[in-house]
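Worksheet for the structure shown next.
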Amino acid sequence: MVEPIRILLVEDETNFGAVMKNYLEISDFKVTLCINGKEGLKAFTSHQFDICILDVMMPEMDGFTLAKEIKLKNADVPIIFLTAKTLKEDIIQGYRIGADDYITKPFDSELLIYKIKAILSRNNGNSSSYKTVFSIGKFSFDSNLRILSIDNIEQKLSPKEAELLKLLAENINQILPRETALKSIWGDDNFYTTRSMDVYITKLRKYLKADADLSIENIHGSGFRLLQINAPYN
């Protein structure tokens with residue numbers, strides 16, 4: 001049985017923290033919630049985590065200080081900062097400490113899920129339980145090596161092609177919201193990135209046409225769906 005991804009969530013707003021914890025657990029993550037920096041450091045010292053999500057403004061110990069302490073104990077663990085602070089200096093400070101991402105409140109909870117998955121994919125050496133190889137119809141797709149193969153024929157994908165196919169494969173037969181994909185991969189959902197993603201979708205359709213049971217549907221007003229006939233369900 002695959003172990004769930006272990007998340008340390010440190011958030012002093014109790015209601016917001018509880019809602020986040022529930023949402024992450026519904027998405028199959030194992031979450032430890034702490035309400036201040038000192039509790040967060042104690043939890044990190046006592047248990048192993050695959051990723052940390054830290055609020056910046058907290059009593060007892062702020063998120064930046066907590067992150068520094070965490071990095072002293074494990075320099076490789078990924079960190080996401082959550083904050084209402086949007087000053088450039090604060091964001092830069094977060095990245096200098098070693099943040100993998102910096103998300104300002106309010107934010108889309110679904111987008112957070114994709115950011116967590118993207119970060120763990122990049123750091124998969126620290127998260128061996130995270131899935132990187134997918135069976136898509138008759139194809140095998142290695143998202144780390146960016147190789148899509150069928151009948152011993154390999155297609156090397158570009159980084160963005162691989163990221164997009166990975167998101168589609170993770171949500172096979174389900175709608176992948178256009179905005180979610182754009183912000184996760186391109187960091188923006190403006191006109192130009194939207195047109196760029198459409199080009200990548202066309203390329204992926206071309207790669208997958210060798211399997212007649214696969215198709216990428218454009219769901220008008222919503223996003224895309226990688227449709228696999230008789231797809232196995234987990």
Next item on the list: Run a plain Debye calculation on the chain (Cα atoms as equal point scatterers, no solvent) and give log10 I(q)/I(0) at q = 0.12, 0.14, 0.18 Å⁻¹, rounded to two decimals, same order as the q list.
Entry: -0.72, -0.94, -1.33
Check: For the chain, with every protein chain kept in place, what is the accessible area per residue (1.4 Å probe, Å²)?
Finding: 54
Item checked: Extension gain (nm, one decimal) between Lys138 and Asn15, 0.36 nm per residue minus Cα-Cα -> 39.7 nm
Note to self: Just to be sure I understand the model, the point goes 7 Å from the Cα along the line to the Cβ. What's the resulting His220 to Ile175 distance in nm?
What the structure shows: 1.3
Notebook entry, point to check: Mind listing the phi-derived Karplus ³J(HN,Hα) values for segment 111-120, rounded to whole Hz, using 6.51, -1.76 and 1.60 with θ = phi - 60°, and x for any glycine or proline?
Noted result: 5, 4, 4, 5, 5, 4, 5, 5, 5, 5
Check: Relative contact order (percent) for segment 168-234, with alpha-carbon contacts under 8 angstrom and 6 or more residues of separation?
Finding: 45
Check: How large, in percent, is the carbon and sulfur part of the accessible surface of the chain at a probe radius of 1.4 Å?
Finding: 50
Check: Which whole-number percent gives the relative contact order of the chain, counting Cα pairs below 8 Å spaced six or more residues apart?
Finding: 13
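The values are calculated or read from the model by the stated rules, or taken from the named source; none is laboratory data. Because the structure is predicted, anything quoted here is derived from the model rather than measured. Please note: Cβ atoms are built from the backbone with ideal geometry, for glycine as well, and neighbour counts cover all protein chains shown. Just so you know, the surface numbers come from the protein's heavy atoms only, side chains and all, with ligands and any DNA or RNA stripped out. Shrake-Rupley method; radii C 1.70, N 1.55, O 1.52, S 1.80 Å.
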